[in-house]
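Asks: To start, I am sharing the structure in question, which I have written as structure tokens.
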Amino acid sequence: MTEERQALLTQLGFRFGLNGPHAARTMMLEDMRLLMAHVPADATRADYATAVVNDNVLGKPTKKARELALRHLTTLYALDPANPIFRALRRLWLLDEVAQPMLAITVALARDPLLSATQPFFLGQVPGAVVSRESVEQFLNTTFPDRFSPASLKSFARNVAGSWRGVGVLNGHLRKVRSIPQARPESVALLLFMGYLEGRTGQRLFSSDWMSLLGSSVDELEALANAASHRGLLVFMNAGGVKEVRFPGYLTPEEERIRQEVSHVV
């Protein structure tokens with residue numbers, strides 16, 4: 001990806017680089033659930049910080065732990081209504097609790113390069129296959145050579161496996177098996193939106209890496225997109241095999257301009 005494309009996508013809420021919270025944490029799903037249930041939908045970035053640090057809605061034992069949790073959550077999810085990805089997450093979050101793990105990992109993948117680098121490995125496993133801790137560590141060691149100590153590598157492997165298990169791509173505790181996560185209209189809406197931010201339109205939205213998270217057929221994805229459209233989460237039209245997907249109210253005019261510019265940059 002070119003620097004120009006990265007710069008444009010960063011303006012739309014994506015995050016790039018070498019580091020990410022998964023070196024030390026999972027996607028912090030339960031913390032995110034507590035925070036989003038406590039803070040109102042129209043909250044500001046400062047409101048989220050106040051809730052975590054001052055109000056201690058996450059129940060952390062010390063102020064340092066609260067501040068660290070806020071830092072990781074901010075990196076993973078932005079917690080800022082000025083960020084279009086977080087705005088979409090906030091819009092969809094409370095509509096369906098079952099969709100929340102997929103909503104969370106979708107945003108985390110957009111903002112944690114460490115987690116994103118593991119997507120091909122975990123999604124590349126055949127459903128039903130056992131995914132051992134050793135195989136995860138070997139993949140990470142190959143992908144990030146000489147970067148992590150043995151102890152850090154073990155922690156990193158545990159964290160990413162924990163996040164993929166949390167969303168249903170893995171199943172089981174000691175013996176983790178590749179599985180297919182549950183697909184919901186809300187999660188499909190966000191996955192389509194992520195592809196839209198990257199400049200995709202029409203049929204190409206249904207063949208992005210984002211949609212591969214679900215492991216669903218094109219017909220299943222279209223049915224879910226249709227359900228999302230009926231719920232007012234997006235606009236989906238499919239006539240004669242020509243698909244149109246729109247997201248009214250998701251982007252400001254300036255953000256839409258940037259998105260259109262992204263579509264012309266490789």
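Derivation of every value follows stated rules applied to the coordinates shown; laboratory data play no part. Bear in mind the structure is a predicted one, so any value in this text is a computation, not a measurement. All Cβ positions, glycine included, derive from the backbone under ideal geometry; neighbour counts span all protein chains shown.
Asks: If the elastic network links every pair of Cα atoms under 10 Å, which of Ala41, Ala69, Ala151 fluctuates the most in the Gaussian network model of the chain?
Replies: Sorting by GNM fluctuation, first place goes to Ala151.
Asks: Let me ask something additional. Apply 1/(1 + (r/R0)^6) to the Cβ-Cβ distance of Glu254 and Leu94, taking R0 = 25 Å, and write down the FRET efficiency to the nearest 0.05.
Replies: 0.40
Asks: Quick one: in the range 217-266, what % of C-alpha pairs are over 13 Å apart?
Replies: Here the tail beyond 13 Å accounts for 66 percent of pairs.
Asks: If you don't mind, there's one more thing I want to ask. Which of Trp164, Trp210 has the fewest other C-beta atoms within 10 Å, and how do the rest follow up to the most? Before the final figure, lay out the partial values.
Replies: Working: Trp164 29, Trp210 24.
Going from least to most buried by this count: Trp210, Trp164.
Asks: Once all Cα-Cα distances of the range 115-178 are split into 5 Å bins that start at 0, what whole-number percent is in each one?
Replies: 4, 19, 34, 26, 13, 5, 0
Asks: Per 10 Å bin from zero, what fraction in whole % of the C-alpha pairs of the chain is there, up to the bin with the longest pair?
Replies: Taking all Cα pairs of the chain, the binned fractions are 7, 29, 36, 23, 5, 0 percent.
Asks: Among the lysines, which fall within straight-line cross-link reach of Lys60, defined as a Cα-Cα distance under 27 Å, with same-chain neighbours fewer than 8 residues apart omitted?
Replies: List returned: Lys154.
Asks: Arrange His72, His230, His38, His22 by Cβ neighbour counts within 10 Å, fewest through most, would you?
Replies: The fewest-first ordering by Cβ neighbours comes to His230, His38, His72, His22.
Asks: Leu18 to Val235: FRET efficiency via 1/(1 + (r/R0)^6), r the Cβ-Cβ distance, R0 41 Å, to the nearest 0.05? Don't skip to the end; give the middle numbers.
Replies: Values: r = 38 Å, r/R0 = 0.92.
Rounded to the nearest 0.05, the efficiency is 0.60.
Asks: Using Cβ counts within 10 Å as a stand-in for footprinting exposure, how do Asp55, Asp80 rank, fewest first?
Replies: Numbers: Asp55 12, Asp80 18.
Least crowded to most crowded, the residues run Asp55, Asp80.
Asks: Right, next: In deg cm²/dmol, rounded to 500, what helix-only [θ] at 222 nm does the chain give when every DSSP H run of at least 4 residues adds -39500 (n - 2.57) and the total is split over its residues?
Replies: Result for the chain, helices only: -15000 deg cm²/dmol.
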